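Structure first, commentary second.
The values are calculated or read from the model by the stated rules, or taken from the named source; none is laboratory data. Being a predicted model, the structure only gives us computed values, none of them experimental. Reconstructed Cβ throughout: ideal geometry from the backbone, glycine too, with neighbour counts over all protein chains shown. With ligands, DNA and RNA removed, areas are computed over all heavy atoms of the protein, side chains included. Shrake-Rupley method; radii C 1.70, N 1.55, O 1.52, S 1.80 Å.
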Amino acid sequence: MAMSKAQHAWTELNIRQQTYLRLLYDADQALEQERQDLAARGHWSSTPARVWRRIEINSRYSPVWGRLSAAGFYDCGTGSTLAALTTRGLIETATDHASGVVSAWMTRPGRAAVRAGLGIAPVARKPKWALSEWMWRAMIKVAETGQEGLLTSQLWTMAQLHLTKGQEDMRRGARPYLDVRVTYVRYVHRDFSGKPYDPPSYGTKDIRRFHFTEEGRAHYVEHLAAYRDLYPDIAAPEIPASESKQPG
């Protein structure tokens with residue numbers, strides 16, 4: 001069987017170069033997992049990948065310096081090794097001349113080479129129609145509230161910007177899956193002790209909740225089974241295809 005381009009790229013490397021690339025890959029994947037974990041907890045950020053995927057090589061915070069030293073490969077030849085990997089298109093590097101810190105980034109061919117060389121199954125790409133994990137979690141939060149709807153304060157800002165109807169005209173990749181409904185509640189003004197004023201005084205306050213749009217509900221129902229396969233660790237409830245059929 002013919003060797004793939006990624007396998008060929010890996011076998012062309014010597015042991016030292018393979019070690020550098022493997023440790024950089026490990027650091028890259030750890031950064032990706034950290035970002036996914038934060039997003040799953042609602043701490044999503046629009047920070048470019050170029051920023052959060054940066055791996056420092058020679059700083060005190062480097063995730064690879066200690067492991068390279070332990071392997072006996074952090075020495076005066078480090079620069080040449082990084083240059084060889086860069087020339088092959090497996091990584092990118094940059095040096096902050098003020099601090100002297102060297103940073104590296106894994107490229108797609110670099111990740112593919114490590115996976116091919118170590119027999120790591122490639123990460124499945126999500127379909128174009130699919131939401132990211134944290135946006136799917138936002139949809140589930142709305143689904144779990146049923147007819148009542150989800151208070152707007154309970155959905156993180158980036159999910160609101162990417163899923164609320166009307167944002168799709170202003171924000172690339174946004175989906176019109178959620179809409180805000182406002183209800184007004186009358187209340188009695190009270191003094192500092194909690195007692196109503198005499199004579200009573202009244203006011204109104206608005207309560208804003210997220211509900212699915214028709215398009216959002218259709219997307220949820222149509223792709224629920226596929227999302228369960230895509231994100232098997234996330235429990236997602238069934239919802240009726242029509243809001244009028246929803247219990248409650």
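Miscellaneous remarks
- In this calculation the C-beta distance from Ser80 to Arg60 is compared with R0 = 25 Å, giving a FRET efficiency of 0.60.
- Rounded tilt (10° steps) of 15-40 against the dominant C-alpha axis of the chain: 0
- Extended-chain gain in nm, criterion 0.36 nm per residue less alpha-carbon gap, Thr152 and Val188: 10.6 nm
- Angle in degrees between helix 133-144 and the longest Cα principal axis of the chain, rounded to the nearest 10: 20
- Within straight-line cross-link reach of Lys195, lysines at Cα separation under 24 Å, skipping those fewer than 8 residues along the same chain: Lys205
- The distance between label points at Ile120 and Tyr197 comes to 6.5 nm (points 7 Å beyond Cα on the Cα→Cβ vector).
- Residue-normalised accessible area of the stretch 93-248, expressed per residue, 1.4 Å probe, Å²: 62
- Peptide ranges 191-203, 102-114 listed from the most packed, as the mean C-beta count within 10 angstrom indicates: 102-114, 191-203
- Pair Ala241, Ser99: separation of 7 Å Cα→Cβ label points (nm): 5.6
- Relative contact order [Cα under 8 Å, 6+ residues apart], the stretch 38-127, whole percent: 23
- Overall dimensions of the stretch 167-248 as given by Cα atoms, namely Rg and Dmax in Å: 20.2, 60
- Qualifying aspartates and glutamates (Cα of each under 16 Å from Cα of Lys165; at least 8 residues distant if same chain): Asp179, Glu214, Glu215
- Theoretical ellipticity at 222 nm over the chain - DSSP helices of four or more residues, -39500 (n - 2.57) apiece, nearest 500: -12000 deg cm²/dmol
- Counted by Cβ distance under 10 Å from Tyr197, the other residues give a net charge of 0, where Lys and Arg count +1 and Asp and Glu count -1.
- Among (i) 18; (ii) 15; (iii) 43, the entry that matches percent of Cα pairs over 34 Å apart as calculated here: (iii)
- Computed in the context of the full set of protein chains, the accessible area of the stretch 147-248 at 1.4 Å probe radius has 49% of its extent on carbon or sulfur.
- Each Cα pair under 8 Å and six or more residues apart adds its sequence gap; the mean of these over the residue count of the chain is a relative contact order of 16 percent.
- Paramagnetic reach from His8 in the stretch 98-138 [backbone N under 19 Å; point 7 Å along Cα→Cβ]: 108-119
- 0 to 90° range, to nearest 10: angle between helix 78-87 axis and the chain longest Cα axis: 70
- Most mobile listed residue (His189, His219, His97) in the chain, GNM with C-alpha springs under 10 Å: His189
- In this label model, Val180 and Leu161 are separated by 1.5 nm, measuring between points 7 Å along each Cα→Cβ vector.
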